[in-house]
């Protein structure tokens, strides 16, 4: 299989030049190992998924590290967290050196908790998500915004699916879910009934791009609200879902408190909801939600692959003012964004952004954007434009940088 350069490569090299160690976390099959073997050919590569390698690391961690090499990639570090205290000692003996250790892990919560506790101040944290639109275009060539959306929905964004057109997406996702449940969830979390947990994922998919109502899930599944919260944390930690918090600054009780739910790959949503053809994707009851999810997942990928943790929010007030996405560049400096699955945008679609400007009069509200399926971005007023997804990502990718 050919290697497609990843957007995160530049920031990876930068972090290796600045820190003794780097962790690249992300969901299974997002391309972590492939990225590191191609971009770091001078590093030794050790996978703790290999039972013999894992046994060596667990039985004699000091010898394992001493014989690993001067620079080493240790894959799936959550399989042997006991190594980390020895890694810390080795780094402290070589504090003037950079880029000694690179770790990967598929369970972000477990990995980050253990690494942050053990290597505070000694490690940089990066997330690699499935292919972005720009990465997919490197593999398949340029496409229209509509074609990008269709491909993301019906084939997904995981590298293996993008690069292997003969693969059946339904079979691949079925195997992926089973592997995720059996390997990660069962082995690393006390999840309880796996069938209920899988039903939970399916219910979440049907409600993507909606505000979470934990009580509804609790009632539908017959489990407690704390259990639902625990399951959500597992999916969020595994970078399967992304929870977008509500914007709260100076609005008090006028806003909703619950986050909105998005998946980080709409191909998985389509699999879980049974969407298998273009007509169902574009005209079915989930079409608008799927397009919004697609735009939000691409936003998150863009920031994560730049090594940035953005301040992203949505707005929904009691008087029915809703803005799909607010990007906070700095204090009281915001970019309002709406997502509309249309090829014929018009100024009235920016009504919510106009009301938002009035509500935050005196703040630095930057020109708003309506992300649509247009083939070319067009201005709708002096403070509003209808943009393509690539133009939108380029604009926000360059925003707020020092």
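The values are calculated or read from the model by the stated rules, or taken from the named source; none is laboratory data. In this text, all values refer to a predicted model and were calculated from it rather than measured experimentally. All Cβ positions, even for glycine, are placed from backbone atoms using ideal geometry, and neighbour counts span all protein chains on display.
Before moving on, here are some points about what is shown:
- When residues in region 1-51 are screened for being in contact (Cβ under 8 Å) with a residue 40 or more places away in the chain, in contact with a helix residue (DSSP H, G or I) (Cβ under 9 Å, 6 or more places away or on another chain) and part of a helix (DSSP H, G or I), 5 of them pass.
- Test result for residue 239, buried (at least 20 other Cβ atoms within 10 Å of the Cβ) and either more than 18 Å from the chain's Cα centre (by Cα) or on the phi > 0 side of the Ramachandran plot (or both): yes
- Of the residues 294, 304, 339, the single one that is in contact with a strand residue (DSSP E or B) (Cβ under 6 Å, 6 or more places away or on another chain), touching a residue at least 60 places away in the same chain (Cβ under 8 Å) and more than 18 Å from residue 248 (Cβ to Cβ) is 304.
- Selection within region 200-221: residues that are without any contact (Cβ under 8 Å) to a residue 24 or more places away in the chain and either over 20 Å from the mean Cα position of the chain (by Cα) or not assigned by TED's automatic domain parsing to the domain that holds residue 271 (or both). The member of this set that is surrounded by the most Cβ atoms within 10 Å (Cβ to Cβ) is 217.
- Test: residue 291 is over 30 Å from residue 14 (Cβ atoms) and at pLDDT below 95: no
- Test: residue 391 is part of a helix (DSSP H, G or I) and under 26 Å from residue 134 (Cβ atoms): yes
- Counted residues, region 71-94 - those being under 12 Å from residue 21 (Cα atoms) and not in a helix (DSSP H, G or I): 5
- Looking only at residues in region 245-266 that are in contact with a helix residue (DSSP H, G or I) (Cβ under 9 Å, 6 or more places away or on another chain) and modelled with pLDDT under 95, the one that is farthest from residue 170 (Cα to Cα) is 251.
- Which listed residue is out of contact with any strand residue (DSSP E or B) (no Cβ under 7 Å at 6 or more places or on another chain) and either modelled with pLDDT of 80 or more or farther than 17 Å from residue 293 by Cα (or both), from 211, 234, 269: 234
- Residue selected from region 342-358 under the condition in contact with a strand residue (DSSP E or B) (Cβ under 9 Å, 6 or more places away or on another chain) and touching a residue at least 40 places away in the same chain (Cβ under 8 Å), by the criterion farthest from residue 292 (Cα to Cα): 356
- Members of region 121-135 that are within 30 Å of residue 92 (Cβ to Cβ) and under 15 Å from the mean Cα position of the chain (by Cα): 125, 126, 127, 128
- Test result for residue 310, modelled with pLDDT under 95, in contact with a helix residue (DSSP H, G or I) (Cβ under 7 Å, 6 or more places away or on another chain) and surrounded by fewer than 23 Cβ atoms within 10 Å (Cβ to Cβ): yes
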